[in-house]
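Take a look at the structure below.
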Amino acid sequence: MTMRRIILFSSSNRRQQPPRKQYNNLNHLRTLFEGTFKAVRDRGLDHAVEREKHLKPLISLKNLIKREPSKSLPISIITQNKESLQLPFRPIEFTRKYPSAFHEFLPVAAALNAPHIRLTPQALSIDSDEQLLYQSDGYKEQIANRLLKLLMISRIHKIPLSIIEHLKWDLGLPHDYLHGIIPEFPDYFRVVHEKSRAFRNDDDRVLELVCWSNELAVSVMEKKNKKKGSDFEFPVQFSTGFEMDRSYQRWLSQWQKLPYVSPYENAAHLSASSDESDRWVVGVLHEILHVLVPKKTEKDNLLILGDWLGLRSRFKRALLQHPGIFYLSSKIGTQIVVLREGYKRGSLAERHPFMDLRSQYIHLMNTTIKEDGKDVKVVLAKINQDESNDKDLEEGRAGEDDREIKGDRDESSEVEAEDANEDAFEGEDDSEDDDEEQPRKVNFKTAQSSWGRVVGRVKPMRDSKRERSAGRSTQKFRERNQSEASRRLQIRGRNKDVESSVQRSRSSKSRGKVIT
């Protein structure tokens, strides 16, 4: 093992880690900015986060089904793996929500006819393209470079596999990366067992750096400026409506003029409460988010990695103090950290084949299925289609809703609450609105008295809907009473006629008897 490491470190392309630079001339008397900011939402970045809602559990379930020899799973097995798949609700509801990706059927030989789930041909087609990408040498090289960069950023050049699992989704790793990718790059890294390095669980496996790469130990900021170690500014872009305090603007201007310290350099000499240390931590976060394929990740993932690096508190502080570099989105129920530089108008600034595949999955999720008898036809839905049309299309699918990705349209929780209140108010007056359709079309109404004489034109009440309905109800009540009264009079008149006829018949009989 020792001879092997000596050979690897003596390679011409892979050299030993160079000595760390020291920045002793930095001003450590500067203190961090202690102001507060009012959070301002960015609709474009919120849309980029929201459009991938339920994408991760969908792909996880797809991989679980595909690994089965029968290429199908009973719903009971999926229910048992609900937590590991991170399904947001009941598995049967989740699969029925996306019928374009999952097909539910009842096998003939199944006990009690338990429903089974299999993938649709459209989902299998996208999965085949995904597997071709994973098997390509170019993509494997990209994955190895990403892992190597993370190891070189780490202080001891080791990262537990449990942390890699947290970042697996954003690193674009396949589910079998431990057996399919890591063994193919023995001169990059290796997996070792260290019980003393176990992190938050019993898994003692650690990914260890084998050889330092000077070629890859160059940050994105240094590549863009083409000058390593020069003083340059981080790109800053605030959300529309962000109110910047003058003190913060002055502090940010001075902060941008500080020397840039590479995230691959040793900054242990910097004071944790200094602006120089904060600028280096921002550079570390900036580089980590650039390493990730979607240029975003959950905040908890960064904090877990920061805990391993010993920078957890400084990570949290940097994310809060630099809203022009990092954006925190809570659109899907958890906080997502988005690198503003990586997005333009709500989409990735640089396209990547891996993200193109995910876009195909998102498009498949928003594809509605229209049934016509026995034939099932797939209708490609527009991304900007209204939510009301989605509900109409999905009423025939066991009452399940198919949520559409709505382009640049973004909904806030306050607007939803107001819409719900308005819907509740309109629901109370539905019966009244149906009765009022006819009076709304008539401007004036002619009323007649009981004698048949025209009294005059009566204008409709304009105070409220309820007053108009109350007026009509009283008028109907009066008409009903009048009709009942007239009916009673008629009955009484008939009774009197009958009584008079009886009396006349009796009198005639009596007169007849007297005559005889």
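The values are calculated or read from the model by the stated rules, or taken from the named source; none is laboratory data. Predicted model, so just to flag it, every value in this text is computed and none were measured. For neighbour counting, all protein chains shown are included, and Cβ atoms are generated from backbone atoms with ideal geometry for every residue, glycine included. Note: areas computed on protein heavy atoms with side chains; ligands, DNA, RNA excluded. Shrake-Rupley method; radii C 1.70, N 1.55, O 1.52, S 1.80 Å.
Applying 1/(1 + (r/R0)^6) with r as the Cβ-Cβ distance of Val108 and Ser84 and R0 = 45 angstrom yields a FRET efficiency of 0.90.
Of the residues Leu151, Gln135, Val220, the one whose Cα sits farthest towards the positive end of the charge dipole of region 124-228 is Val220 (charges of +1 on Lys and Arg Cβ, -1 on Asp and Glu Cβ, taken about the Cα centre).
Between the amide H of Tyr343 and those of Ala349, distances stay under 5 Å, these residues lying 5 or more places away or on another chain, with hydrogens modeled in the peptide plane.
Which order do the peptides 148-154, 68-74, 137-143 take when ranked by the mean count of other beta-carbon atoms within 10 Å per residue, highest first? The partial results should precede the final answer.
Working: 148-154: 20.4, 68-74: 12.6, 137-143: 15.0.
For the peptides 148-154, 68-74, 137-143, the packing ranking is 148-154, 137-143, 68-74.
Computed from phi, the 3J(HN,Hα) profile of region 243-260 under the Karplus parametrisation 6.51, -1.76, 1.60 (θ = phi - 60°) reads 9, 9, 6, 5, 5, 5, 4, 5, 5, 5, 5, 6, 5, 5, 8, 6, x, 7 Hz, with x in place of Gly and Pro. Each of Thr240 and Val191 was given a label point 7 Å from its Cα along the Cα-to-Cβ line. The distance between the two points is 4.8 nm.
What length, rounded to one decimal in nm, is gained on full extension from Asp203 through to Leu178, with 0.36 nm per residue of separation minus their alpha-carbon distance? Write down the numbers at each step before the final one.
Working: separation 25, 0.36 × 25 = 9.00 nm, distance 1.41 nm.
Contour length minus the Cα-Cα distance gives 7.6 nm.
Given a Förster distance of 41 Å, report the FRET efficiency between Asn266 and His352 from their Cβ-Cβ distance, rounded to the nearest 0.05.
Working: r = 31 Å, r/R0 = 0.76.
The calculated FRET efficiency here is 0.85.
Taking every protein chain into account, the accessible area of region 225-333 amounts to 41 square angstrom per residue (probe 1.4 Å). Remark: accessible surface ordering of Lys224, Lys344 (largest first) is Lys344, Lys224, probe radius 1.4 Å. Measuring with a 1.4 angstrom probe and ignoring ligands and nucleic acids, His352 comes out at about 40 Å² accessible.
Average projection, convex hull of the Cα set of region 57-152: 7.8 square nanometres.
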